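Colleague: Here's a structure for you.
The values are calculated or read from the model by the stated rules, or taken from the named source; none is laboratory data. Bear in mind the structure is a predicted one, so any value in this text is a computation, not a measurement. Virtual Cβ from ideal backbone geometry, glycine too; neighbours counted across all protein chains shown. The protein model used for the area step is the full one, side chains on, heavy atoms only, and it has no ligands, DNA or RNA in it. Shrake-Rupley method; radii C 1.70, N 1.55, O 1.52, S 1.80 Å.
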Amino acid sequence: MLITFSLTCPKMHLPFFLLLSLSLLSFTTHAHNITRILAKHPDFSSFNHYLTITHLAGEINRRRTITVCAVNNAAMSGLLSKKLPIYSMKKVLSLHVFADYFGAKKLHQLNKGSTLTSTMFQATGEAPGTSGYVNITDMKGGRVGFAVEDTGGTFNALYVKSVEEMPYNISVIQISKVLSSPEAEAPTGGPSQINLTDLMTRQGCKAFAQLLISTGSDDTFSQTLDGGLTVFCPSDAILNAFMPKYKTLTAAGKSALLLYHGVPLYQSMGMLRSNNGLINTLATEGPNKYDFTIQNDGEDVKLETKVVTAKIVGTLIDEDPVSVYKIDKVLLPTELFKEAPVGTKGEKEAEAPGPAADEDPADQTVSDGALRIGGGRLGLSVVWGLCLGGFAYL
């Protein structure tokens with residue numbers, strides 16, 4: 001979307017070059033919404049539907065410089081006939097999202113006629129070897145073929161057409177067949193089969209996992225899995241440094257602190273970035289609020305208590321209905337720790353919530369005397385200065 005911003009100064013006969021420069025000030029927005037893009041094409045309704053229910057749509061919307069390979073309803077019918085569980089379906093569809101931009105022109109001008117590109121399936125860390133990569137090859141007769149790297153190099157899927165391009169933000173293209181592989185279709189355990197403490201131990205949160213087990217708090221986390229669960233676990237180094245304070249807590253305090261790091265509902269990274277505000281935790285009980293504030297800061301997500309502000313620094317798993325994120329500080333509730341004095345580093349920073357994912361950034365007003373238009377900033381004082389400069393010129 002292109003927005004043109006023009007100003008007319010009080011004097012009608014400004015120098016021509018000044019009027020021209022003001023009238024041509026423009027900014028381009030870079031937000032995209034894959035659901036809305038595909039909704040304009042009914043033949044992709046099935047593909048669009050499964051991007052939504054697997055929560056891939058939200059992940060696509062927050063990424064930049066990507067390519068989505070859509071398939072029509074007829075091609076999707078073959079995949080749906082396999083009756084894959086939703087977790088396997090998500091892995092298969094993740095193969096259709098590339099971590100690079102491929103418009104129609106680039107596809108027909110590949111360096112050396114072929115390239116290997118990473119997909120969202122590879123980014124999950126669940127793809128063994130190179131099974132999360134796709135080979136794109138410019139073939140004879142102007143055709144372009146696509147093949148999952150570990151499937152023997154057979155190019156069953158061919159480029160059909162460009163659906164929509166927003167260089168170099170997102171390219172949506174149609175391919176003739178579904179991209180899949182045995183690795184992507186392999187059964188994935190449901191949420192109740194996930195061993196949270198084992199997952200944390202293998203991915204840098206062993207100390208936190210051991211505390212959950214030693215206090216019996218792991219049972220509370222496990223019992224919440226099927227209904228939706230989000231966990232924020234401090235890394236080993238962070239938690240080890242905090243242990244002297246942890247040991248001063250009572251048994252009930254230790255349990256409450258650990259439960260404070262769990263939220264009884266699923267929150268994908270996209271949801272965390274767009275849904276700012278207070279949230280209850282597994283430790284919340286009656287008058288004991290044990291809540292904290294989720295606050296996005298651009299691409300970063302911060303968790304703010306009145307004692308400390310932590311930031312999400314990694315993702316261990318994000319598979320509906322379970323997500324586990326690594327954070328850079330231990331979350332400290334006011335029910336157990338003193339509120340940070342005003343003016344200290346522990347105090348919350350007064351930050352305005354960012355726009356939600358479905359809001360147009362063009363509607364946002366910046367409080368420092370600048371207007372944000374399509375992701376850009378235009379200093380009003382600069383524009384007024386141009387006007388005054390025009391008067392002086394006259």
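Colleague: Using a basic spin-label model with each label point 7 Å from the Cα along Cα→Cβ, how many nm lie between Ser77 and Lys161?
Modeller: So the two model labels end up 2.0 nm from each other.
Colleague: Around Lys161, what is the net charge, scoring Lys/Arg as +1 and Asp/Glu as -1 over all other residues with Cβ under 15 Å from its Cβ?
Modeller: Neighbour charge sum, excluding Lys161 itself: +2.
Colleague: If the reach is capped at under 18 angstrom between alpha carbons, list the lysines near Lys106, excluding any in the same chain fewer than eight residues apart.
Modeller: Lys140, Lys161
Colleague: At 1.4 Å probe size, with every protein chain present, just tell me what the per residue accessible area of segment 177-334 comes to in Å².
Modeller: Computed with neighbouring chains in place, this is 42 Å² per residue.
Colleague: Using the Cα centre as the reference, give the magnitude of the dipole from point charges on the C-beta atoms of segment 185-249 (Lys, Arg: +1; Asp, Glu: -1; all else neutral), rounded to the nearest 20 debye.
Modeller: With Lys and Arg at +1 and Asp and Glu at -1, about 380 debye.
Colleague: Right, another one. Sticking with the crude label model, points 7 Å out along Cα→Cβ, report the distance from Leu249 to Tyr168 in nm, one decimal please.
Modeller: 4.7 nm
Colleague: Next up: Taking 2.2 N^0.38 Å as the expected size of a compact globular protein, what ratio does the Cα radius of gyration of segment 264-334 give against it, to two decimals? All intermediate terms of the calculation are to be shown ahead of the outcome.
Modeller: Values: Rg = 11.9 Å, N = 71, 2.2 N^0.38 = 11.1 Å.
This ratio for segment 264-334 stands at 1.07.
Colleague: When you take every Cα atom in segment 121-233, what is the radius of gyration, and what is Dmax, the widest Cα pair distance, in Å?
Modeller: 20.5, 66
Colleague: Bin width 5 Å, alpha-carbon pairs only: give the P(r) of segment 36-83 as whole percents, running from 0 to the bin holding the largest distance.
Modeller: 4, 20, 30, 26, 14, 5, 1
Colleague: Here is the link list: Lys83/Lys329; Lys83/Lys105; Lys247/Lys311; Lys254/Lys311; Lys206/Lys306. Which ones come out longer than 32 Å on Cα distance?
Modeller: Lys83/Lys329; Lys83/Lys105
Colleague: Separate question: Which FRET efficiency value, to the nearest 0.05, is calculated for Leu116 and Gln223 with the Förster distance at 45 angstrom and r the Cβ-Cβ distance?
Modeller: Efficiency, rounded to the nearest 0.05: 0.55.
Colleague: Can you give me the distance in nm between label points at Ser176 and Glu335, each placed 7 Å from the Cα along the Cα-to-Cβ direction?
Modeller: In this crude spin-label approximation the distance works out to 6.1 nm.
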